[in-house]
1. For the structure I just gave you, tell me whether V204 is open to solvent by less than 40 Å² (accessible area, probe 1.4 Å), under 23 Å from the mean Cα position of the chain (by Cα) and under 13 Å from E232 (Cβ atoms).
2. In segment 275-289, what residues are crowded, with 19+ Cβ neighbours inside 10 Å and assigned to a loop (DSSP other than H, G, I, E, B)?
3. Restricting the search to segment 125-142, which residues are outside any loop (DSSP other than H, G, I, E, B), touching a residue at least 24 places away in the same chain (Cβ under 8 Å) and open to solvent by 40 Å² or more (accessible area, probe 1.4 Å)?
4. Being out of contact with any strand residue (DSSP E or B) (no Cβ under 6 Å at 6 or more places or on another chain), farther than 19 Å from G208 by Cα and touching a residue at least 60 places away in the same chain (Cβ under 8 Å), is that true of even one residue in segment 354-362?
5. Of the residues A27, A74, only one is at pLDDT 95 or above and either among the polar types (S, T, N, Q) or assigned to a helix (DSSP H, G or I) (or both); which?
6. Pick out the one residue from A121, A107 that is in contact with a Gly (Cβ under 6 Å, 6 or more places away or on another chain) and open to solvent by less than 20 Å² (accessible area, probe 1.4 Å).
7. Being at positive phi and more than 19 Å from the chain's Cα centre (by Cα) is the filter here, so list the residues in segment 109-156 that pass it.
8. Give the residues of segment 30-62 that are touching a residue at least 40 places away in the same chain (Cβ under 8 Å) and either part of a loop (DSSP other than H, G, I, E, B) or on the phi > 0 side of the Ramachandran plot (or both), sorted by residue number.
Amino acid sequence: MHSEYFLKKYEIEAKQWDLLLDQLQYAASYSPFYKDLFEKNQLDLKAVKDYSDFQKIPVTYKKDLETYNDQFLAVPSREVIDHVTTSGTIGKPVSFFLNEADLQRLAQNEYHSFLMTGMTADDVVQITTTLDRRFMAGMAYFLGLRQLGAGIVRTGAGLPQLQWDSIERFQPTYLIAVPSFLLKMIEFAEQNGIAVNQTSVRAVICIGEPIRYKNGELNALGSRIISAWNIELFSTYASTEMSTAFTECQQHRGVHELSDLIFTEILDDDGNPVVAGQIGELVVTPLRTRTMPLIRYATGDMLTWHDDICTCGRNTKRLGPVVGRKQQRLKFKGTSLFPQHIQESLNSIENLDLYLIEATSDEFGNDIVTILIPEDQKNEADDLKELLQASLYVTPNIQTVERKELEKLKSPKNARKPISFLDRRSAFHKR
């Protein structure tokens, strides 16, 4: 247990501020991109005394990483050990690099994250996500579990039969998994006479998809999982650029910020901080990173935050679930919504096992939203329209597609995880 997270709030903030100033100085000294940025904007880092001074530093965007990728490298290339890329959910995948210090930091991050869930060295953990395909998270999980001393089963992504065989063979107590894949595991178990509630698994670290609403209650996806499998679900939130994961503790009241590893801001469209409970864009400054430091990096993720003391005793800031990505915001028939809102409605339909949300533009540049479903489930279309109208107050178009074709669309070549939203809008990259 890391005692720093249990200090008084002002003590945590003071320690975090010192680390933030160190990170600013490091970036200004060693990162070509930030050297140039600070000089062009005539920023004197010695004059950064409080948050209002820090806000004068321009925000860094994904397009900056895409355009000036190599200029973010702050160490000699010979020091780079791990070569990874971002997921490419928004825009093209970007190269990202880690040296030995960053890999140790990554291990520390996951070590503390796993401790929050109650995991110990006595547990065996099955990693059902890829450790290859230039995926940072897979390596992070492995390193964190090594530091914790837990047993590790590296099954990799997919293959429900292999997952269940490994569960029977190695008796893992925790899984690390994408929530929607758990539904496929449950379906396989039901078809093959596997009693899921009589296995060794008691909890899952959920990655890549939200399983809770803003109020902390399980959403449709989370509810469907636990209705069939009596396990505890832990939310997480992370990205390659952040080099940091936020994880729920056992109280399930939001994912905790690791205050010694990252500094977070939640900002409105004008760049001003929003109050706790309001939705804003998450902007991050990872702390103690060395290979590719980022200062005030805009994640594009829209979420809320909480500053009250968690009942677990930690005084660190907590984030709510991502309600959508800023660039994916839709304006459909006069209603503003995120693909996530549509997903939550679709996930509540038990008979719908496959879908894809597609956004296109009409001749006037207006957003058109279409739900692609398998042709063999076309009988669900009318119920689907009714549900979407009731929950979203608008009805997207429903289109049937041959199942194999839809499966290919959901799992593009070289993708590290299935997609649920396909943005084909003509003005998408101009937003």
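1. The answer is yes for V204.
2. Within segment 275-289, L287, R288, T289 meet the criteria.
3. Scanning segment 125-142 gives a single hit, M139.
4. Looking through segment 354-362, at least one residue is out of contact with any strand residue (DSSP E or B) (no Cβ under 6 Å at 6 or more places or on another chain), farther than 19 Å from G208 by Cα and touching a residue at least 60 places away in the same chain (Cβ under 8 Å).
5. A27
6. Checking each option against the conditions leaves just A107.
7. Within segment 109-156, G118, G149 qualify.
8. S31, Q55, I57, P58, V59, Y61, listed by residue number.
The values are calculated or read from the model by the stated rules, or taken from the named source; none is laboratory data. Remember, predicted model here, so these are calculated numbers, not experimental data. Note that each Cβ is placed from the backbone with ideal geometry, even for glycine, and that neighbours are counted across all protein chains shown. To get the accessible areas, we keep the full protein, side chains included, count just its heavy atoms, and leave off ligands, DNA and RNA. Shrake-Rupley method; radii C 1.70, N 1.55, O 1.52, S 1.80 Å.
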